[in-house]
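S.K.: Just dropping this structure here.
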Amino acid sequence: MSTQEPKIVVTSTDMERLRTLIDTTAGEQAETLDAELLNAEVVEPTQVPPDVVTMNSRVVYRDEDTHETREVTLSYPKDASLEQGRVSVLAPVGAALLGLSVGQEIEWQLPGGKHKRLRILSVTYQPQAAGHSH
């Protein structure tokens, strides 16, 4: 059973930084992110819709299986902190959130064959929409 991958949107700045990160990071997590980026639509930072999860965005999502809601900030690995709710883009959930927009959901397989399904409920902060460059 394959799940249709939702179309994701990534800013040109994020794409450039993420490509550098992938090039300097070994392992499955970098490969997963690389695969995500292959399907991305790249837009200029000023053109990204305000409801799209970009790097350093704060996002509220719901686990469609447990109905648990979480708010996290999508971060680069060096800034990631569970205590501060900052999820690395190299973590499975981080790679899954990148580029999605409000209302979209994504499903992926966890180790052991279980599936995880998340739905984006809101983007409470997006650097581009707030006029902040990073």
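The values are calculated or read from the model by the stated rules, or taken from the named source; none is laboratory data. Just so it is clear, the structure is predicted and the values come from calculations on it, not from any experiment. Because the Cβ atoms are built from the backbone with ideal geometry, glycine has one as well, and the counts that use them run over all protein chains shown.
S.K.: Only one of these conditions is not met by Gly131: (1) under 18 Å from Asp51 (Cβ atoms); (2) modelled with pLDDT under 95; (3) surrounded by 12 or more Cβ atoms within 10 Å (Cβ to Cβ). Which number is it?
M.R.: Looking at each condition in turn, Gly131 falls short on (3).
S.K.: Does Glu105 count as of a type in the set (Asp, Glu), closer than 22 Å to Met15 by Cα and touching a helix residue (DSSP H, G or I) at 6+ places or on another chain (Cβ under 7 Å)?
M.R.: Values: of a type in the set (Asp, Glu): yes; closer than 22 Å to Met15 by Cα: yes; touching a helix residue (DSSP H, G or I) at 6+ places or on another chain (Cβ under 7 Å): no.
Here the answer is no, as Glu105 does not meet what is asked.
S.K.: Shifting gears a bit: Taking Thr124 as the residue in question, decide whether it is surrounded by fewer than 20 Cβ atoms within 10 Å (Cβ to Cβ), assigned to a loop (DSSP other than H, G, I, E, B), out of contact with any helix residue (DSSP H, G or I) (no Cβ under 6 Å at 6 or more places or on another chain) and of a type in the set (Ser, Thr, Tyr).
M.R.: Values: surrounded by fewer than 20 Cβ atoms within 10 Å (Cβ to Cβ): yes; assigned to a loop (DSSP other than H, G, I, E, B): no; out of contact with any helix residue (DSSP H, G or I) (no Cβ under 6 Å at 6 or more places or on another chain): yes; of a type in the set (Ser, Thr, Tyr): yes.
No, not satisfied.
S.K.: May I ask you to say which residue of Leu37, Leu74, Leu100 is aliphatic (A, V, I, L, M), under 14 Å from Lys7 (Cβ atoms) and in contact with a Leu (Cβ under 8 Å, 6 or more places away or on another chain)? Can you show your working first?
M.R.: Values: Leu74 fails: under 14 Å from Lys7 (Cβ atoms); Leu100 fails: in contact with a Leu (Cβ under 8 Å, 6 or more places away or on another chain).
Step by step, each of Leu37, Leu74, Leu100 is checked, and only Leu37 is aliphatic (A, V, I, L, M), under 14 Å from Lys7 (Cβ atoms) and in contact with a Leu (Cβ under 8 Å, 6 or more places away or on another chain).
S.K.: In region 68-121, what count of residues is obtained for those that are acidic (Asp, Glu) and either under 18 Å from Pro50 (Cβ atoms) or touching a residue at least 40 places away in the same chain (Cβ under 8 Å) (or both)?
M.R.: Residues in region 68-121 being acidic (Asp, Glu) and either under 18 Å from Pro50 (Cβ atoms) or touching a residue at least 40 places away in the same chain (Cβ under 8 Å) (or both): 3 in total.
S.K.: Do any helices (runs of 4 or more DSSP H) entirely within region 9-97 hold 1 or more residues that are under 19 Å from Ser122 (Cα atoms) and either modelled with pLDDT under 95 or more than 13 Å from the chain's Cα centre (by Cα) (or both), and if so, which? Walk me through it before giving the result.
M.R.: On the way: elements: 12-23, 28-38, 92-97.
Output list reads 92-97.
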